[in-house]
């Protein structure tokens, strides 16, 4: 999972490492929960279209909630920020994981 760079909104001050780890760990925990919710659809345990749509709808709402929560606390989640972080890491020689 890629780390999310977090900043305090008012002064654009970087958050502590501990706070960043808490944010990343909680995001990862929630994403794992959403993947478990999707498991019946992925493994073809559910065949009813309405049930599939319901599960996918819940997962979509969960993903949007994650993004909005991270934006609310000052995480830079925009695609251009992710690209900038990727390029900066490449310049530093840090491997990128997708």
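Here, each number is a calculation from the coordinates, and none is a lab measurement. All values reported here derive from a predicted model rather than from experimental measurement. Using ideal geometry, Cβ is built from the backbone for each residue, glycine included, and neighbour counts are taken over all protein chains shown.
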Correct semi-axes for the range 26-75, from √(5λ) of the alpha-carbon gyration tensor and rounded to whole Å with the largest first, are 25, 11, 5
Quick calc, residue 73 & residue 52: beta-carbon distance into FRET formula, R0 30 Å, rounding 0.05, result 0.40
